[in-house]
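Encoded as structure tokens, the structure appears first; notes follow it.
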Amino acid sequence: MQAAPVRPVRATAIPSVTDALRAMESLLLGSGQRTARRNAWTSVLEDRRRAKDRVEAQHVLEAVAGRTS
């Protein structure tokens, strides 16, 4: 008598919140709207990066101006 073959246990990953939101997005929005939303978010992130760079540049300029005075 042979033992029954052992099946490997598969761990099913629980979808993340991001995965769930993307699934909802694909159901509710057309591809053009998804692209527009992602482009808008990319623009927001880029604006934040530029604002941070401006603040850092301002601090450097103020530090240099303080040393020459």
**Study point:** region 35-56 residues that are under 19 Å from LEU21 (Cβ atoms), paired with ones that are open to solvent by less than 80 Å² (accessible area, probe 1.4 Å) and not in a helix (DSSP H, G or I) (beta carbon under 8 Å, 6 or more apart)
**Key:** ARG37/LEU29
Check your understanding: Of all residues in region 11-35, which are open to solvent by 80 Å² or more (accessible area, probe 1.4 Å) and either hydroxyl-bearing (Ser, Thr, Tyr) or on the phi > 0 side of the Ramachandran plot (or both)?
Key -> THR12
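The values are calculated or read from the model by the stated rules, or taken from the named source; none is laboratory data. Being a predicted model, the structure only gives us computed values, none of them experimental. We place every Cβ from the backbone using ideal geometry, glycine too, and count neighbours over all the protein chains shown. Each accessible area value is taken on the protein alone, full model and side chains, heavy atoms only, with ligands, DNA and RNA left out. Shrake-Rupley method; radii C 1.70, N 1.55, O 1.52, S 1.80 Å.
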